[in-house]
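The values are calculated or read from the model by the stated rules, or taken from the named source; none is laboratory data. The model shown is predicted, which means the values in this text are computed figures rather than measured ones. With ideal geometry, Cβ positions are generated from the backbone for all residues, glycine too; neighbour counts draw on all protein chains shown. All accessible areas refer to the heavy atoms of the entire protein, side chains included, with ligands and DNA or RNA removed. Shrake-Rupley method; radii C 1.70, N 1.55, O 1.52, S 1.80 Å.
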Amino acid sequence: MKSVGHLVVLSSLCCFISGYSDRDRVRDLMSKYPLIDGHNDLALQLRKLHNNRLSQIDLHNVSNVATDINRLQAGHVQTQMFAVYVMCWAQEKDAVRLALEQIDVVRRMCTEYQDFELVTSTQEIKHSEMNRKIACLISLEGGHSIDSSLPALRMFYQLGVRSMALTHTCNTPWAESSSKLYNVYQRQNNSLTHFGKAVVEEMNRLGMIVDLSHTSWETAWAALKHSRAPVIFSHSSSFSICNHERNVPDWLLQELKKKQGLIMVNLHSKFISCRDEANISHVADHFDHIKKVIGAESIGVGGDYEGAVSFPRGLEDVSKYPALILELLQRNWTESELADVLRRNFLRVFEAVERVRDQLTSTGPSEVQISVEEVQNPCRLVLRPPDTTGHSDRSGSSRARREPKGLLMLSIGLLLSSLHMIQ
């Protein structure tokens, strides 16, 4: 141990004499291995502050937020996973529409600005890096945005979505959230239902990354076991360091490692120090602990900027990422380990997801449907085949009475008849 200490001192001395500082090492390392950040909610802030009117702002320099093009470049962020987030109270209402509008604003900003490039694959990420572009990946934050529909999931994939968190702060009819904020879709001993497993299977088939941030530990464990591809926690930290429900316990980290998955450390102060204030050292403690439990090859960065209100001192916005890497370097993380954390781990996981997709090319789209009883959505329209008995009015109304309370039932035959009368 004494000889190792002498080597560290000698290395630092050589750097001092040569004028090549640790900050220079960080700059060179992040220039060679620029960051892939797993989670950013800029699209949410664009909606809240500007109603998605991109014509009113210049994304190079945006006030009242922690993210813009200039600061992404200063922070050596080469790929940003932009979250498409819809509030939970839109579940059973217009969550799909709102998600589409948020996808639209991400696609617009990533195609209207030359510094950005919309990407959908690992190959395109690497191509963007070669062209010195900031690659934009789209993630769907919360399974409530697909309205319990596999066809909707597939259409989101067609629009460029490459990752989806199974839940946000609300349960869905098929998966359980870590949050108890909303008292909806309560179940016992069924944290990932039959339909929920079908969602995971279809995401595997499509090549969409399964994101377990925000899910309950039971749902996360069930999804880990069921998924054929590696999964991620796109913006979660260590429960052992900060015992917040959004963080991941060691036993679940070990299951994640078995799956060759990835935890991308969240920088929100509440998840770092369990208080409203934190510093870079507190953040590094999470990295150190997770590395001790499952190794540096299972760690990434998912800042959660724009999605949270407080961040550690020294990490106030996306330009500050070099300060975090400097802290880890000074804690004797190797440059190879940091290169893994910065980008190589995420690329490995995404490539594995793509390989599973390629293995499933002979598998057709899933036709699994969720039952009416599970959804319990009074706004969901259910179409029935036309009645051929000649008593459509009477049988149609009796059928409606037999369905769960509040559910609207329409016969296709009655609908066609009504349209004919209008004409």
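Listed values, structure above:
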{"item": "Matching option when the condition is polar (S, T, N, Q), within 24 Å of residue 342 (Cα to Cα) and assigned to a loop (DSSP other than H, G, I, E, B), among 120, 79", "result": "120"}
{"item": "Residues of the range 163-191 that turn out to be out of contact with any strand residue (DSSP E or B) (no Cβ under 8 Å at 6 or more places or on another chain) and within 15 Å of residue 146 (Cα to Cα), as a count", "result": "2"}
{"item": "Residue match in the range 183-192 (condition: in a loop (DSSP other than H, G, I, E, B), among the hydrophobic types (A, V, I, L, M, F, W, C), out of contact with any helix residue (DSSP H, G or I) (no Cβ under 7 Å at 6 or more places or on another chain) and on the phi < 0 side of the Ramachandran plot)", "result": "yes"}
{"item": "Failed condition for residue 321, given (1) surrounded by fewer than 23 Cβ atoms within 10 Å (Cβ to Cβ); (2) among the aromatic types (Phe, Trp, Tyr); (3) in contact (Cβ under 8 Å) with a residue 24 or more places away in the chain", "result": "(1)"}
{"item": "Candidate set: the range 337-391, residues that are surrounded by 12 or more Cβ atoms within 10 Å (Cβ to Cβ), more than 21 Å from residue 163 (Cα to Cα) and acidic (Asp, Glu); chosen: the one farthest from the chain's Cα centre (by Cα)", "result": "387"}
{"item": "The range 27-69: number of residues that are surrounded by 15 or more Cβ atoms within 10 Å (Cβ to Cβ), in contact (Cβ under 8 Å) with a residue 40 or more places away in the chain and assigned to a helix (DSSP H, G or I)", "result": "10"}
{"item": "Pairs with Cβ under 6 Å, 6+ apart, first in the range 70-89 and over 24 Å from residue 167 (Cβ atoms), second among the acidic types (Asp, Glu) and open to solvent by less than 10 Å² (accessible area, probe 1.4 Å)", "result": "77/37"}
{"item": "Filtered residue count, the range 108-134, keeping only those that are among the acidic types (Asp, Glu) and exposed (fewer than 14 other Cβ atoms within 10 Å of the Cβ)", "result": "1"}
{"item": "Leading residue by the ranking (nearest to residue 79 (Cα to Cα)) among those in the range 273-295 that are assigned to a helix (DSSP H, G or I), open to solvent by 10 Å² or more (accessible area, probe 1.4 Å) and of a type outside the set (D, E, K, R)", "result": "280"}
{"item": "Criterion: at pLDDT below 95, of a type in the set (Asp, Glu) and more than 23 Å from residue 257 (Cα to Cα) - qualifying residue of 367, 373, 306", "result": "373"}
{"item": "Residue 235, sole failed condition from (1) more than 19 Å from the chain's Cα centre (by Cα); (2) assigned to a loop (DSSP other than H, G, I, E, B); (3) closer than 20 Å to residue 342 by Cα", "result": "(1)"}
{"item": "Residue 148 assigned to a loop (DSSP other than H, G, I, E, B), among the hydroxyl-bearing types (Ser, Thr, Tyr), surrounded by 21 or more Cβ atoms within 10 Å (Cβ to Cβ) and modelled with pLDDT of 95 or more", "result": "yes"}
{"item": "Single match in 183, 171, 189 (criterion: modelled with pLDDT under 95 and buried (at least 24 other Cβ atoms within 10 Å of the Cβ))", "result": "171"}
{"item": "Filter result for the condition that a residue is touching a Leu at 6+ places or on another chain (Cβ under 8 Å) and either open to solvent by 10 Å² or more (accessible area, probe 1.4 Å) or at pLDDT 95 or above (or both), over 255, 245", "result": "255"}
{"item": "Residue identified as of a type in the set (A, V, I, L, M), within 19 Å of the chain's Cα centre (by Cα) and in a helix (DSSP H, G or I) among 253, 267", "result": "253"}
